[in-house]
Amino acid sequence: MKIKSPQDFWAGLMFIVFGLFFLIVARDYQMGTAVRMGPGYFPTVLGGILAVLGTIVLLTSLAVAGPKVPKLSFKPIFFISLALILFGYLLKPIGFVLSVIVLVFVSAFGGHEFKLKEVSILAVVLVIFSVLVFVKGLTLPFPLWPAFLD
């Protein structure tokens, strides 16, 4: 038995492990029914679907040729993690709009190339979309601007 697609093999194995983890953790929770779901219903169903999907991906990796696992790069992991941490810490003092802009610009440094014009357009679009969805649509109580501007 030869692995023809290492990337799919490891992805399938990871899906199986996460799916089984949620199945094992959720077994101690009350299941309920599809109409009246208990706390264990969603993680059990999701874990089962994830494990089945992982099995399909893993078996496919043995039959269909695919790409190798790419070299792990720490630059994207670092900048995206930093951007998320900054967003969380800066949300209250500088407001939602400026925090989203910081999030977009810092996470963009994790990519292969940084183009100021493209990142600026993306930041504006994401700010507008995020304000419309989270603040206006879902009415989440995020401060839009820094406290000293209100």
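The values are calculated or read from the model by the stated rules, or taken from the named source; none is laboratory data. In this text, all values refer to a predicted model and were calculated from it rather than measured experimentally. We place every Cβ from the backbone using ideal geometry, glycine too, and count neighbours over all the protein chains shown. Heavy atoms of the whole protein, side chains included, go into the accessibility calculation; ligands, DNA and RNA do not. Shrake-Rupley method; radii C 1.70, N 1.55, O 1.52, S 1.80 Å.
Roughly how many Å² is the accessible area per residue of the chain, as a whole number, for a 1.4 Å probe?
On the way: 10820 Å² over 150 residues.
Using a 1.4 Å probe on heavy atoms only, each residue of the chain averages 72 Å².
Got a number for carbon plus sulfur as a percent of segment 17-99's accessible area, 1.4 Å probe?
Working: 4640 of 6000 Å².
Of all accessible area on segment 17-99, carbon and sulfur atoms account for 77 percent.
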Diffing segment 105-117: the Karplus 3J(HN,Hα) column from phi (6.51, -1.76, 1.60, θ = phi - 60°), in whole Hz with x for Gly and Pro, holds 5, 5, 5, 5, 5, x, x, 6, 9, 10, 10, 4, 5
If amide H atoms are modeled at 1.01 Å from N in the peptide plane, then the residues at a separation of 5 or more from Gly66, or on another chain, having amide H under 5 Å from its own are Ser5
Once phi for every residue in segment 5-20 is put through the Karplus expression 6.51 cos²θ - 1.76 cosθ + 1.60 (θ = phi - 60°), the whole-Hz ³J(HN,Hα) values, with Gly and Pro written as x, are 10, x, 5, 5, 4, 5, 5, x, 4, 5, 4, 4, 4, 5, x, 5
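Using packing as a proxy for protection, rank 112-120, 89-97 so that the peptide with the highest average count of other Cβ atoms within 10 Å comes first. Could the numbers behind the result be given before it?
Working: 112-120: 10.4, 89-97: 16.6.
Packing order, densest peptide first, comes out as 89-97, 112-120.
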With x for Gly and Pro, the residue-by-residue ³J(HN,Hα) of segment 62-68, computed from phi through the Karplus equation 6.51 cos²θ - 1.76 cosθ + 1.60 at θ = phi - 60° and given in whole Hz, is 7, 10, 10, 5, x, x, 6
In nm, the gap between the two label points placed 7 Å beyond Cα toward Cβ at Leu144 and Val17 is 4.5 nm
Under the helix-only model (-39500 (n - 2.57) for each DSSP H run of 4 or more, divided by the residues of the chain), the mean residue ellipticity at 222 nm, to 500 deg cm²/dmol, is -21000 deg cm²/dmol
Dividing the mean separation of Cα pairs under 8 Å (6+ apart) by the residue count of segment 57-150 yields a relative contact order in percent of 32 percent
Given pairs Lys75/Lys136; Lys4/Lys71; Lys2/Lys75 and cut-off 24 Å on Cα-Cα distance, the over-length ones are Lys75/Lys136; Lys2/Lys75
Percent of all Cα-Cα pairs per 10 Å bin for segment 54-150, counting from 0 up to the last occupied bin, reads 14, 33, 24, 18, 10, 2, 0
Highest GNM mean-square fluctuation among Gly54, Gly12, Gly32, for the chain with Cα springs under 10 Å, belongs to Gly32
